[in-house]
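What follows is calculated from the coordinates using simple rules that are stated; it is not laboratory data. Since the structure is predicted, the reported quantities are computational estimates derived from the model, not experimental observations. Because the Cβ atoms are built from the backbone with ideal geometry, glycine has one as well, and the counts that use them run over all protein chains shown.
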């Protein structure tokens, strides 16, 4: 019983993390697009990729399409969705193994 409760706690924390990192990715795309329009200091591509690699690729992909930001860059246009599919596949594997 304790092990089951502990597993649920870990699962719950993982879900919260996944939601938070994807919301962060979505916000970063919005913020960078807004900054680009105003010719302000931009969020580095390194930061965008770091957030995508640590689990935020789905949010970054959604943000890229919603805000039409970085859609002409092939690396982002294909890289974020590919990474998002990989992360969704890994999540499915760990949830349903």
- When the range 62-97 is examined, which residues are found to be out of contact with any helix residue (DSSP H, G or I) (no Cβ under 8 Å at 6 or more places or on another chain), part of a loop (DSSP other than H, G, I, E, B) and surrounded by 11 or more Cβ atoms within 10 Å (Cβ to Cβ)? 73
- Taking first residues from the range 82-97 that are at negative phi and second residues anywhere that are in a helix (DSSP H, G or I), the pairs with Cβ under 6 Å that are 6 or more apart or on different chains are 83/52; 83/57; 84/57; 84/58; 84/61; 87/57
- Per the filter on the range 41-61, residues under 13 Å from residue 29 (Cβ atoms) and surrounded by 17 or more Cβ atoms within 10 Å (Cβ to Cβ) are 48, 49, 51, 52, 56, 57, 58, 59, 60, 61
